[in-house]
Amino acid sequence: MQVLVTGAAGFIGYYLAERLLSEGIQVHGIDNLNDYYDVNLKKARLARLQAQPGFHFQYLDLSDRAGMAQLFEAHQFDCVVNLAAQAGVRYSLSNPHAYADSNLIGFVNLLEGCRQQQVQHLVYASSSSVYGVNPKVPFATSDSVDHPISLYAATKKANELMAYTYSHLYQIPTTGLRFFTVYGPWGRPDMAYFKFVKSIKAGQPIDVYNHGDMQRDFTYIDDVIEGVLRVMRQAPAPAVGAPYKLYNIGNNRPVTLTRFIEVVETALGQTAQKNFLPMQPGDVPITYADVDDLMRDVGFRPTTPIETGIARFVEWYEAYYS
């Protein structure tokens, strides 16, 4: 089996490629190694993958139309998992063109490659950000997501619409995964938990937005990967004219920001200095995943408690940055 993983040097891409390789699956990874966050961390993940048999890497940007076309001409992929994207809600406020290039143009190039090669299943990362300020909780994939409050969220909503169109027109099975605040070892330095650990260990204050009155459905990386793998193995059947499906992958147990900080403090054995601030533009007060569809269709729901996940992250952080 040949699987293309885009964003292979990224957080989720690295873990997925590693898991696939452990199961004897051939993985072709691509990444543009952009400098949105520490490139050395991306290179360290990539080096671990390149040390394993069955992994093939190509430096490639999704927005490179010719390069993407050549990639699909040269390889026959059984499944494509698109995890490459310009991430970050707040970064999209100041760097909108990065999102248009990667998340829109790049996604069209990927869809075209899948169409030309008639890929058996395209799985792609969406985001809980598409729910915006949805007042109904938990968030279900049947909820309206027509009011995104960041450009990042808008591009992810656009990806879902574009995927549906290709599923409808060309009968390409596509599955979108709305990830909810993924965290864990080897994670992204731009995420709050990573910043909290770094600042607390350095004796520096942490920024607590909306004065701590927020909840997040923190989802541990191992749970995310298990969900992705199960979805990969079950391409959607045609429904409403298209073999298309959306799933939430979230812990289904929101944690308050104040409780989350307490867990970080316990794992570090240190107390945080808190700098309370108002809500940031593009942020939402709560994310909360309804995962009934995921449980019904693939028999899985995330289970890792925040206490376990943060303890593992702190252990990795202290070892990696020692």
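The values are calculated or read from the model by the stated rules, or taken from the named source; none is laboratory data. Values in this document were obtained by computation on a predicted structure and should not be read as measured data. Quick reminder, even Gly has a Cβ in these numbers, built from the backbone with ideal geometry, and neighbours come from all protein chains shown. Ligands, DNA and RNA are stripped out before the accessible areas are found, and what is left, the full protein with its side chains, is counted by its heavy atoms. Shrake-Rupley method; radii C 1.70, N 1.55, O 1.52, S 1.80 Å.
Tabulated data for the structure shown
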read-out: Residue-averaged 222 nm ellipticity for the chain, from DSSP H runs of 4+ at -39500 (n - 2.57), nearest 500; value: -12000 deg cm²/dmol
read-out: Rg to Rh quotient for the stretch 22-173, alpha carbon positions, Kirkwood Rh; value: 0.98
read-out: Selection of trypsin sites (Lys or Arg not before Pro), the stretch 154-247, meeting DSSP coil and at most 12 other Cβ within 10 Å; value: Arg233
read-out: Values of log10 I(q)/I(0), in the order q = 0.16, 0.29 Å⁻¹, for the stretch 233-277 under a Debye, Cα-only, solvent-free model; value: -0.63, -1.05
read-out: Distance histogram in 5 Å bins (all Cα pairs of the stretch 111-220, percent per bin); value: 2, 10, 16, 17, 17, 14, 10, 6, 4, 3, 1, 0
read-out: Loop-resident sites, the stretch 1-101, for GluC sites (Glu not before Pro), counting at most 12 other Cβ within 10 Å (DSSP); value: Glu23
read-out: Other-chain or far-sequence residues with amide H under 5 Å of Ile286's (modelled H); value: Gln215
read-out: Additional length obtainable on full extension of the chain from Ala311 to Asp101, 0.36 nm per residue less Cα span; value: 71.9 nm
read-out: Loop-located trypsin sites (Lys or Arg not before Pro) in the stretch 52-125, at most 14 other Cβ atoms within 10 Å (DSSP); value: Arg90
read-out: Under 20 Å from the Ser322 label point (7 Å along Cα→beta-carbon), backbone N, the stretch 201-235; value: 201-203
read-out: Calculated SAXS-style log₁₀ I(q)/I(0) at q = 0.20 Å⁻¹ - the stretch 1-100, Debye, Cα scatterers; value: -1.00
read-out: The chain, accessible area per residue, ligands and nucleic acids excluded (1.4 Å, Å²); value: 42
read-out: Separation of the Gln234 and Gln273 label points, Cα + 7 Å toward Cβ, nm; value: 5.0
read-out: Charge dipole (the stretch 227-299, unit charges on Cβ, about Cα centre) - positive-most of Pro281, Met295, Gly250; value: Met295
read-out: Size of electric dipole in the chain: Cβ of Lys, Arg +1 and of Asp, Glu -1, about Cα centre, debye, nearest 20; value: 120
read-out: Scaled radius of gyration (Cα, divided by 2.2 N^0.38 Å) that the stretch 178-287 gives; value: 1.30
read-out: Carbon and sulfur %, accessible surface of the chain computed with the full protein complex present, 1.4 Å; value: 52
read-out: Projected label distance in nm at Ser94 and Val39, using a 7 Å step from Cα toward the beta-carbon; value: 1.9
read-out: Euclidean distance of C-alpha centroids, the stretch 247-322 and the stretch 131-206, integer Å; value: 14
